[in-house]
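One structure is given below, encoded as structure tokens.
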Amino acid sequence: MSILFDSNSKVIVQGITGKQGSFHTKLMMEYGTNVVGGVRPGKGGEWFEGTVPIFDTVKKAREVTGANVNMVIVPPAAAVDAIYESVDAGIELIIVLTEHIPVHDMMKAYQYVKASNSRLIGPNCPGLLVPDVGKVGFMPGSIATPGNVGVVSKSGTLTYEVVYALTEAGLGQTTCIGIGGDPVIGTTFVDVLEMFENDPDTEKVVLIGEIGGRAEIDAAEYIKKHMTKPVAAFIAGQSAPPGKRMGHAGAIVSGGEGTAEEKIKALQNAGVRVARNPEEIPDLLK
Amino acid sequence: MSILFDSNSKVIVQGITGKQGSFHTKLMMEYGTNVVGGVRPGKGGEWFEGTVPIFDTVKKAREVTGANVNMVIVPPAAAVDAIYESVDAGIELIIVLTEHIPVHDMMKAYQYVKASNSRLIGPNCPGLLVPDVGKVGFMPGSIATPGNVGVVSKSGTLTYEVVYALTEAGLGQTTCIGIGGDPVIGTTFVDVLEMFENDPDTEKVVLIGEIGGRAEIDAAEYIKKHMTKPVAAFIAGQSAPPGKRMGHAGAIVSGGEGTAEEKIKALQNAGVRVARNPEEIPDLLK
Amino acid sequence: MNLHEYQSKFRFGEFGIPIPRGKVATTPKEAYEIAKELGGFVVIKSQVLVGGRGKAGGVKLAKSAEEARDLAAEILSKTIKGLPVRKVLVDPGVRFNQEIYLGITNDRAVGKPVMMASSEGGVEIEEIARTKPEAIVKEYIDPCFGLHAYQVNNIASGINLPYDHWKQFTQIAMALWQCYLASDAELAEINPLVITDEGQLLAIDGKMIIDDSALPRHPDLAEMRDIEDEPEAETRAREAGISYVKLDGQIGCMVNGAGLAMTTMDMTKLYGGDDIGPANFLDIGGGASPEKVAAALRIILSDPNVKSILINIFGGITRCDDVARGLLVAYEEVKPDVPMVIRLQGTNAKEGRQIIDEANIPNLVSASTLTEAAQKAVEAAKGAM
Amino acid sequence: MNLHEYQSKFRFGEFGIPIPRGKVATTPKEAYEIAKELGGFVVIKSQVLVGGRGKAGGVKLAKSAEEARDLAAEILSKTIKGLPVRKVLVDPGVRFNQEIYLGITNDRAVGKPVMMASSEGGVEIEEIARTKPEAIVKEYIDPCFGLHAYQVNNIASGINLPYDHWKQFTQIAMALWQCYLASDAELAEINPLVITDEGQLLAIDGKMIIDDSALPRHPDLAEMRDIEDEPEAETRAREAGISYVKLDGQIGCMVNGAGLAMTTMDMTKLYGGDDIGPANFLDIGGGASPEKVAAALRIILSDPNVKSILINIFGGITRCDDVARGLLVAYEEVKPDVPMVIRLQGTNAKEGRQIIDEANIPNLVSASTLTEAAQKAVEAAKGAM
């Protein structure tokens, strides 16, 4: 079994007609994801790849297709509106890939999502992948294989790196999730760890963090208090200087807070095996 | 027993040093209400009437006194802030007497209160009174007497009129509540009817409505579906022309909606005895 | 507070909503000049604060500046539902192929603004609600988050607006929301919003109602109040801090509290039957100083239809003996010559009644119940007719 | 994006926060003129985007215009933490009796702005948090409802501000919130906010950080970026759409993805030990066109410390063979003369590696794991030192 996404999940793609949107939707469909519709105002009634109906609004798409997952891949100026639209249309799982959403907008939207029944993953995330079942987002399908490891990460390609290493080492995955590198995100490490802890098929967990914020500290506290399953971790940015933003909007050590060192210490203190090198992770799980 | 307020209720008064605030606080104290504090920024540390401590903020007042009721009697420009302050300080019951709060401000505050654990009564209401126990607001203590009738009303003096008539007829009250005449109010007829229905000591209920909105229609639906206790009602404004505001911000028939006629019909249809004249009400309850 | 069509539309225009380039005229000559400037093909629209202007002959099309002048003269001499026409709006004529309704109002029960639209515009929204409710599309607006762009898409989609117009429709809907918000409006309505033959959206009629409670923070809007277009007594009442609405009956009412004031009106109607009823709503508010009672008396008496006066005070915080004394002072000042019934109840009612009785004023009697008071006031009015 | 002190304070001033009437000087003569205008008693403050200016001798008091000129000359010739001082702010001297900290920042975990204040201002908030955490008062701000007046009262009460100052403090706190909001700030901080001897609140130092993602909707703020005060390579990288941060090490890194780029840096440090480490953070983003790879190479090579280059690409959606081909084209264009290690993994990695190997470029070798790549890059750097 997997978390958040399974073979019953029905996905719509908001921004399906864009360059990135159409490219990734095709890859998702090739991987076997059940893409039931797309959303693009003004293109309602048209078809994507001849098989996927396009709708003007999420509301209509949901009414007609019964979709419960919306993948949002629209420009930053439109992305927050898409979150409100998804919540108000009753979408259960909203996955926002879009980067560069202003954080003030995101703080408002975050409060809105929190008060609703929807779950948000992202923004600025690579999405999720359940091996051999489906994927929503950017993760390449070829690197993953089914198994009993749950992977949760703030990052994109670094996640691929780790998932690939796991697969190469014969360690398959239940679900791989990128929660995103922005300062304010809908789903945190703690949320996902809790789901992995409760998922009977997940036996081991990999956490990939980075500098900035205190999500990894919160994760360590959660692991210490509540987790029975073994966790291995890697924290990126050990060599990053303070006060400088490392690519991700959230990856910055400020006021002495959010260093890799303190995160590693907290995780180790919670019994987590922390890799010095992401290629070590499979060994730490064995 | 009573609803919303009883002998354990501890009241603070926000705006206690104002002309109206101090006048009514004194009357409340004379009636036996447990007024434990007042709030007025800059007067923290002083005393009202030598016995009631004044605080700079609701937070402090609550921390020190354990107050669970805040009566707000401040100018309209400050009233909405007082609502947020009360909610954030964890006040259970907020009673706002202030009139002329802009409705846009009130819509926002209403959403905030709705998502919280606090209850708001008003704004633009006379408050509540539990005979021989206490009163919060404007209602004159002399007109009420303990008994088994619950009274809920949109109005001020009209409520006194009805309560007085009940008392004169030997029909005492459990609780008398004025929910206010503004378009957007924190507690509706339905909320109060539900409480009266669940209050073992309330055996009969009086509802006093007026033109404008559809709160009385909702009340009729609730009564029809859920109420076992007898209800008598009066609707003010039967002779009011459409499109004209009758004193209360909410008392206006617009677009053919909110007439006394339709409200009376709905209530009668729900088995409510509707008086043509408020002085008839005691007879309808006998 | 209701705004005139021209005030509403000009304000819409300030927020970027496309409106016709019309102007207001108070004389036929001005209407002629405006029409000439606009090319002759114009519509002359009476500016009075009532509905149904069209049916009352208050809106006419002109094909030339000369015709505009003549029609303006005709309309400016009209009285519509009791209100004399003092201004006309001269708008350029527009050819269009669809009429849309677009409005925002406060939904009291939900505590949120709601945007409503219909492809069946040009008639009142209540009319559409009655005849074709499925043609109305609604989106509730969270007052903390504002109108979302997607909601406008839902509306455009819901009223089957061709996609070509979505972009402009979104601009207009967003501007209407901003205008509603910035004006503390209770209603902001474009009806109709037309699609012109040139394919542009244009707000050819508009209406706004401003929340009276918010006027203190909008001095610019407060100034728009057209006191010429309301009964003079209402203007004076507002200045005196009294809530007053003129009605058509014969019994002047003076009451403390809005609910009780409506009830008192209702009682005069209940006992007055088809012929007799309330001359006004009047709430003197809390307290009852001689000055306020005197002002209220004068306002009531300014209505020539008033045949008797019913004063109904429920003394709560206000003490009835104070009211009685105040009334006697006011009486001396105003010297009303119509019969008056005063009913005092609540705090110190007995003392109050005694003061009135001892004053021994021939045209002032007291009553102890509201029923008795209403019956006496009706009898008195009948006697004076 | 960090704003200079003077930019932050001038912006605060626009929102109504009281600030000193100072001006910016780029020469001692300008500083002299400003000081003269201000009466001689001034403070000369270096404007560089680093903390600890005071300790570095970048802030000095002058008692006369002449002294101001001399001190400005001294400060303008300084380099603070690697950044040459190009501008000074000349502010009037102020006598005060209390320093308050007042700031708003985003609390990531809570997803809300938080206003923080302390009566122990004048030092960094992190310093107060370490030494006297109980002196910090916090109020979380609901981003949908904004800062409430009562929250400012809570803060004023919490820092024991005398009531005389509450009114002005509320104006300042509200203005700071509006400024933070309207600027899409990540941080808006007044430190210190002083109570002058005259009893007035005055913001004598200020700092703002603007959310880069929001700059597209703030062209006025985007223009404030001081490109003179950042490494030139960072400016060029931003123009090329590349995320680049200059560091102090010897191994130039080129990676796709921010997390992997940080990891690659970490690996060079892990295997490089105390002496060898990353020369930069560089994320080329999705795709890897020859143009982008070439631009990245040029940016990396503009750093004279770079002794070797490590290219680490995890082909996900990006195909490694495309990257390899792109690199060869870029290589021909840029002709880097330092040793390069390229590690390709993921989609079509094998084909990519084959293309690199077949090109047979003497200073370009491939590696299959990140560990191997990092070790090779470290060796190469050591060889070149």
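Past 24 Å, Cα to Cα: identify those pairs from A:Lys108/B:Lys108; C:Lys55/C:Lys132; A:Lys225/D:Lys138; C:Lys246/C:Lys269; D:Lys138/D:Lys207, in the order given.
Violating the 24 Å Cα-Cα cut-off are A:Lys225/D:Lys138.
DSSP assigns beta bridges within chain D; of those with both partners inside it, close to 70 percent run antiparallel. Rg ratio for segment A:140-285: its Cα radius of gyration over 2.2 N^0.38 Å, N being its residue count, equals 0.96. What is the antiparallel percent of DSSP beta bridges lying wholly in the protein assembly as shown, to the nearest 5? Beta bridges within the protein assembly as shown, antiparallel portion: roughly 50 percent. Eigen-decomposition of the gyration tensor built on the alpha-carbon atoms of segment D:78-201 gives equivalent ellipsoid semi-axes of 24, 20, 15 angstrom, largest listed first.
Cβ under 13 Å from B:Arg276's Cβ, B:Arg276 left aside: what net charge do those residues give with Lys, Arg +1 and Asp, Glu -1?
-3
Taking a straight Cα-Cα cut-off under 25 Å and skipping sequence neighbours fewer than 8 places away in the same chain, the lysines within cross-link reach of D:Lys350 are A:Lys26, A:Lys135, D:Lys292, D:Lys335, D:Lys376.
Count, for each residue of C:263-270, the Cβ atoms from other chains sitting within 10 Å of its Cβ, then give me the mean as a whole number.
Across C:263-270, the average partner-chain Cβ count within 10 Å equals 6.
Peptides C:326-337, A:138-149, B:177-188, A:42-53 ranked from most to least packed by the mean count of surrounding Cβ atoms within 10 Å: B:177-188, A:138-149, C:326-337, A:42-53.
Under the criterion of Cα pairs below 8 Å and six or more residues apart, the relative contact order for segment B:169-286 equals 29 percent. Within the listed set D:Thr369, D:Thr268, D:Thr79, the residue fluctuating most in the Gaussian network model of chain D (springs between alpha-carbon atoms under 10 angstrom) is D:Thr369. Calculated on C-alpha atoms, the gyration radius of chain C divided by its Kirkwood radius gives an Rg/Rh of 1.07. Give the shape of segment C:257-301 as rounded, prolate or oblate, defined through the alpha-carbon gyration tensor: a ≥ b ≥ c are the square roots of its eigenvalues, a/c under 1.5 means rounded, and otherwise the shape is prolate if a/b is larger than b/c and oblate if not. Oblate is the answer for segment C:257-301, as a/c is 1.5 or above yet b/c matches or exceeds a/b. Each Cα pair under 8 Å and six or more residues apart adds its separation to the average, and for chain D the resulting relative contact order is 13 percent. Plainly put, the tip 7 Å out from Cα toward Cβ on C:Val329 is 9.5 nm from that tip on each other copy, the closest given first. Each part reduced to its alpha carbon centroid, segment C:342-385 and segment C:199-218 end up 45 Å apart. Each copy carries A:Gly243; placing its label point 7 Å along the C-beta direction from Cα gives inter-copy distances of 6.8 nm, listed from smallest up.
In segment A:140-285, taking the dipole from charged Cβ atoms about the Cα centre, the farthest positive-side position among A:Gly258, A:Val272, A:Val163 is held by A:Gly258. Relative to the dominant Cα principal axis of chain D, helix D:290-301 is inclined by about 70°.
Of all beta-carbon atoms in chain C, the one sitting closest to the axis that brings chain C onto chain D gives C:Cys144, 2, with the distance in whole angstrom.
Taking a ≥ b ≥ c as the square roots of the eigenvalues of the Cα gyration tensor, an a/c ratio below 1.5 marks segment B:1-87 as rounded. The base-10 log of I(q)/I(0) for segment B:30-161, evaluated at q = 0.14, 0.19, 0.21 Å⁻¹, reads -0.67, -1.17, -1.34 [Debye formula, identical scatterers on Cα atoms, solvent excluded]. Dividing the Cα radius of gyration of segment C:232-384 by its Kirkwood radius returns 0.92 for Rg/Rh. Report, in degrees rounded to the nearest 10, the 0 to 90 angle that the Cα long axis of helix D:149-158 makes with the longest principal axis of chain D. So the helix axis and the longest Cα principal axis differ by about 80 degrees.
Within straight-line reach of C:Lys29, meaning a Cα separation under 17 Å, sit the following aspartates and glutamates at least 8 residues removed in sequence or on another chain: C:Glu37, C:Glu66, C:Glu67, C:Asp70, C:Glu74, C:Asp91.
Provide Rg over Rh for the protein assembly as shown; use the alpha carbon set for both Rg and the Kirkwood Rh (inverse mean inverse pair distance).
1.03
Other protein chain C-beta atoms within 10 Å of residue C-beta, averaged over B:242-250: 6.
Bridges between two residues of chain B, per DSSP, are antiparallel at a rate of about 20%. Each Cα pair of chain B feeds into the Kirkwood radius, which the Stokes-Einstein equation turns, at 4 °C and 1.567 mPa s, into a diffusion coefficient of 68 µm²/s. Ordered by the number of other Cβ atoms lying within 10 Å of each residue's own Cβ, fewest first, C:Leu3, C:Leu364 fall into the sequence C:Leu364, C:Leu3.
Sorted from nearest, the other copies put their C:Arg236 label points 8.4 nm away, the label point being 7 Å from Cα in the direction of Cβ.
Mind jotting down a quarter of the surface of the convex hull over the alpha carbons of segment C:1-121, in square nanometres, one decimal?
Projected over every direction and averaged, the Cα hull of segment C:1-121 covers 8.8 nm².
Mean sequence separation of contacting Cα pairs (under 8 Å, at least six apart), scaled by the length of segment C:232-384, corresponds to a relative contact order of 25 percent.
Using only Cα atoms, tell me the angle between helix C:166-182 and the longest principal axis of chain C; keep it within 0 to 90° and round to the nearest 10. It works out to around 20 degrees. Might you list the cysteines of chain C that have no disulfide-compatible partner by the rule of another cysteine's Cβ under 4.7 Å? Those would be C:Cys179, C:Cys253, C:Cys320, since no other cysteine Cβ in chain C comes under 4.7 Å of theirs. What sits nearest the axis between copies A and B, counting only chain A Cβ atoms, is the residue and whole-Å distance A:Ala115, 3. Across all C-alpha atoms in segment D:21-92, the radius of gyration and Dmax reach 10.8, 33 Å.
Note on C:248-259: average number of Cβ atoms from other chains within 10 Å of each residue's Cβ is 5.
Taken together, the values in this text are just the output of simple stated rules run on the coordinates, not laboratory data. Note that the structure is predicted; figures quoted are calculated from it, not measured. Because the Cβ atoms are built from the backbone with ideal geometry, glycine has one as well, and the counts that use them run over all protein chains shown.
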